[in-house]
1. From the backbone phi of segment 213-226, what are the Karplus-calculated ³J(HN,Hα) couplings (6.51 cos²θ - 1.76 cosθ + 1.60, θ = phi - 60°) in whole Hz, Gly and Pro given as x?
2. Need one word for segment 400-482: rounded, prolate or oblate. Basis is the Cα gyration tensor (sqrt eigenvalues a ≥ b ≥ c); a/c below 1.5 gives rounded, then a/b vs b/c decides.
3. Near the amide H of residue 106, under 5 Å away, which other amide H atoms are found, from residues 5 or more places off or on another chain, if H is placed in the peptide plane?
4. When a/c is below 1.5 the answer is rounded, else prolate if a/b is larger than b/c, else oblate, so apply that to segment 128-167 with a ≥ b ≥ c taken from the square roots of the Cα gyration tensor eigenvalues.
5. So how many Å³ per residue does the convex hull of the Cα atoms of segment 50-121 work out to?
6. List the aspartates and glutamates whose Cα lies under 17 Å from the Cα of residue 65, skipping any in the same chain that are fewer than 8 positions away.
7. Put +1 on the Cβ of each Lys and Arg and -1 on the Cβ of each Asp and Glu in segment 372-528; which of 472, 410, 495 then has its Cα farthest toward the positive end of the dipole?
8. Ranking request for peptides 487-498, 389-400: highest mean number of other beta-carbon atoms within 10 Å first, then the rest in descending order.
Amino acid sequence: MNSKEIKTKVDLSDIQQMVKRYHLGSEAVRTINNENLLPPGLIQRLHNNYPKYSGFFYEDDAIFKDKEHYSGLKGFREIVQTLKEHGIELTHIKDREFFIEVYRFLATRYVLNTIDWKNYESDSNYQLVFPQPGMIHPDEVKKYADAPNEEARKRVVEDYMHKTNPHDGKQKLNKPWYINDEGHLEILEGSQHKYPPVKLILDKTTQTCFSFCTYCFRHAQVRGDEDMFVQREVVQVHEYLKRHKEVSDILITGGDGGYIPYERLLEYVQPLIDDPELRHIRTVRIGSRAINFHPEWLLTDAFKRILELLQKLTENGIQAVWVAHISTPHDVMNPASVAAVRRLKRYGVAVKSQSPIMNHISLFYDENGKVDIDRSAQNWIDLGNVLAMLGIGFHSMYCARPTGEHHYFTAPLADISKIFNKVYRSLASINRPSRYITMTSSAGKTSLMGTAEINGEKVFALKFNEARNMEWMDTTFFAKYDEQENTIEKLVPYGSDKYFYEDELVKIEEQLSKALEKEMKLAADHDQ
């Protein structure tokens, strides 16, 4: 589908052809040309160094040309029909449709056209956005397939939703609150504040995504569960920040933080510039997958207003960071993604990538059912070098959170550690991930530092890089080595029946819960 040949010369006509192939709108094309976002030398170097990931020189026409995105069962069925008309017939439709009813489905035209449809089953973007057979256990799929009517199918779907662990790591405890100047309780329903320096904002405008990842860690958010996080009042955020000077960073996320419109972003960030009580905020992050799911948006005139606003932040000493989620070189080796990255950087926005190491996408098993250490590591080594070529900081790679269909995407920690170690030692120091591979739990983000030997026994060495009590980060601790376990939280402590922080963690969780209950009761009594 795409030429793997070395390109001895790439010129402007090649750039025009690849832009045409992806059916980019006139606005995006104008932006690319006016801002020189696709220099031929860069495209040539990317393609020639990593041709197997390249989406620059597809030789056939795009399959998806009209609709900007496809959503839900209806959108999925439209895709299935379009593919069938092009001689591509997807199987296991009931498996896929059951997954969609539980978790939802959304894919942009652009990401669909990055997929190599002649080799789609091994394409990382296909694995990323299309439900696959085996994600949900066959017994559960059978209940769905055998349901006699729509009402019965709906019950099967709702029953299964309760098994998906939508709020792993006790996220509900992270909702911040304060007592306002009138003595009333204010709960920030759409925010999380777990680690002192960083406050997360899940704004009302960022509740969906450009495309949905099949491994989504916030599936409750995108499918609209009743207990989801939705931040409606911006002034609440500012009032909370004034009371919490330990916060230096705010992270606008979702869903996808890239969905936030200019007017809403302005509400959040202008006071950071103007109000002396908010001068402790030094960084504004936007967590988004727009670079690889819907890069066309970043090339519009409307988005230019957001870029100018982010540039204004940097001119006032506030770092603006676009936190991307890039798992393979294929994610960004296409014309609009490269152009989007370069446009962000042109306006002074730092671009960094953090992404999970996931089976079938960026981690692979061999024909014997064993984790292929070399192939998996090579994906991340190549990614690290591609990120460097694009000027993207390689922030982190992390383990699958124990939510959704965790079993399908994960692998033993022992093998993941071997993959990470090879990645880390193979990349130049400036291009390595900025932290060791991590996994999130209620306690914090735990880094798997590697292995050690104590009294002749092999152990995992662990250390927090974020924690409910940040002083825990100063201590290295150990867990028994395990060849099969895939969740750090379930590792067995070495030399003790519990980890050093466990008793304090229980107290912190109880204090968080009791303090909020107390204030809610006082607020209720006050209102009576």
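1. Result, rounded to whole Hz: 7, 5, 9, 2, 8, 10, 5, 4, 5, 6, 8, x, 4, 4.
2. On the way: a/c = 1.10, a/b = 1.01, b/c = 1.09.
It comes out rounded by the Cα gyration axes.
3. 72, 212
4. Working: a/c = 1.96, a/b = 1.29, b/c = 1.52.
The shape class here is oblate.
5. Details: hull volume 7.5 nm³, N = 72.
Measuring per residue, one finds 105 Å³ for the Cα hull of segment 50-121.
6. Once the sequence-local aspartates and glutamates are set aside, what remains near residue 65 is 27, 78, 85, 116, 296.
7. 410
8. On the way: 487-498: 14.6, 389-400: 20.8.
So the peptides 487-498, 389-400, ranked by packing, come out 389-400, 487-498.
The values are calculated or read from the model by the stated rules, or taken from the named source; none is laboratory data. Here the structure is a predicted model, which is why all the values come from computation and not from measurement. So basically every Cβ, Gly included, is an ideal-geometry build from the backbone, and we count neighbours across all protein chains shown. Surface accessibility is based on the protein's heavy atoms, side chains included, excluding ligands, DNA and RNA. Shrake-Rupley method; radii C 1.70, N 1.55, O 1.52, S 1.80 Å.
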